[in-house]
Amino acid sequence: MTPILADLLQLLELERLEDNIFRGQSRDIRGDEQVFGGQVLGQALTAASYTTGLRQVHSLHAYFLLPGDPNAPIVYEVDIARDGKSFSTRRVVAIQHGRPIFNMAASFQEPEEGFDHAVPMPDVPGPDGLTDVRELPSEFFEKAPKKLRRIVAHVRPFDFRLVEPSQIDPPVQAEPRRHIWIKTVGPLPNSPDLHRNVLAYLSDYYLLITATRPHSVDFKPGNVQLATLDHAMWFHRPFRVDEWLLYAMESPSASGGRGLTLGRFFTQDGRLVASTAQEGVMRVWK
């Protein structure tokens, strides 16, 4: 296992402080002195799953309240709201410096059979032959603002292969859709909970920025603010995040300084395995 992937698994492994209270470490993966939202999401789901036994998460709904400090650990308090015959509900609050920075509700279910249907996967090229995001042309990195260069170029435990090319100079107006093939850079242990926690972590990548595509946003001046407000996720079918998944994203609306983006994860053979929804702040400062 590569060191960067081992670090991700360590990041998602929480320390138990007390019954239903856990502590996780933080990272500054983008160099902007803020905790990546996917880290808090993945750690919160890990904390909740520690309290549910063999039941599997099928949905979560989260709100980001304050930016996280990457130089301090985060404490997760899990409230066991309900344990029914088939479903369990958990509420999680992430606390840092004595203040809540994030809260989440998640529902877990005993595995069972039932009706089964799903929308088809979009007809897009497969991952073979596509370029990893870190291999974009040098012109991109020369023209991109410093923060965007850090986000794209930092070493991470995932491969991202873009179906639609990225261009920032000149800004291009495009359909509010984006497709990215993703997987971890190496194999993961055979733990379904771990694969779901990792998928929650990476579901925050590229989601909100999809809502900027119809607006010819110029990122070069560095005056664009994008910040996640809430994030929801549904897990439909088993999957492995160390095998290629297509992240299909679209933004149905942007208004009032906010953008909404929806996402779906498909396996390479076309099975829909998870869905996401996210709303965030979208501002261009004068």
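Annotations
- Of all residue pairs spaced 6 or more apart or on separate chains, those with beta-carbon atoms under 6 Å, a first member in segment 218-238 that is farther than 24 Å from Ala62 by Cα and in contact (Cβ under 8 Å) with a residue 60 or more places away in the chain and a second member that is hydrophobic (A, V, I, L, M, F, W, C) and outside any strand (DSSP E or B) are Phe219/Leu148; Phe219/Ile168; Asn223/Trp285.
- Selected residue (criterion: surrounded by the most Cβ atoms within 10 Å (Cβ to Cβ)) from residues of segment 67-84 that are among the aliphatic types (A, V, I, L, M) and under 17 Å from Ala105 (Cα atoms): Val78
- One residue stands out among those in segment 1-23 that are among the aliphatic types (A, V, I, L, M) and within 15 Å of Val92 (Cβ to Cβ): the one that is surrounded by the fewest Cβ atoms within 10 Å (Cβ to Cβ), which is Leu17.
- Identity of the residue in segment 24-60, among the polar types (S, T, N, Q) and outside any helix (DSSP H, G or I), that ends up farthest from Val93 (Cα to Cα): Gln56
- Strands (runs of 3 or more DSSP E) lying entirely in segment 61-119 (those with 2 or more residues that are at pLDDT 95 or above and more than 24 Å from Glu279 (Cα to Cα)): 74-83, 87-96
- Residues of segment 125-146 that are buried (at least 16 other Cβ atoms within 10 Å of the Cβ), in a loop (DSSP other than H, G, I, E, B) and at pLDDT 65 or above: Pro127, Leu130.
- Number of residues in segment 60-89 that are in contact with an Asp or Glu (Cβ under 7 Å, 6 or more places away or on another chain), without any contact (Cβ under 8 Å) to a residue 60 or more places away in the chain and more than 18 Å from Glu15 (Cβ to Cβ) equals 1.
- In segment 152-177, residue modelled with the lowest pLDDT [restricted to those that are within 19 Å of the chain's Cα centre (by Cα), in a loop (DSSP other than H, G, I, E, B) and not hydrophobic (A, V, I, L, M, F, W, C)]: His154
- Boolean, His231 is within 24 Å of Ser107 (Cβ to Cβ), of a type outside the set (Ser, Thr, Tyr) and in contact with a Leu (Cβ under 8 Å, 6 or more places away or on another chain): yes
- Pairs are defined by a Cβ separation below 6 Å, a sequence spacing of at least 6 or placement on different chains, a first member in segment 9-24 that is in contact (Cβ under 8 Å) with a residue 12 or more places away in the chain, and a second member that is of a type in the set (Phe, Trp, Tyr); the pairs so defined are Leu14/Phe22; Arg16/Phe22; Phe22/Tyr76.
- Residue, modelled with the lowest pLDDT, within segment 185-211, restricted to residues that are under 30 Å from Gln225 (Cβ atoms) and among the polar types (S, T, N, Q): Thr210
The values are calculated or read from the model by the stated rules, or taken from the named source; none is laboratory data. The shown structure was predicted, so the numbers you read here are calculated from the model rather than taken from an experiment. Cβ: placed from backbone, ideal geometry, glycine included. Neighbour counts: every protein chain shown.
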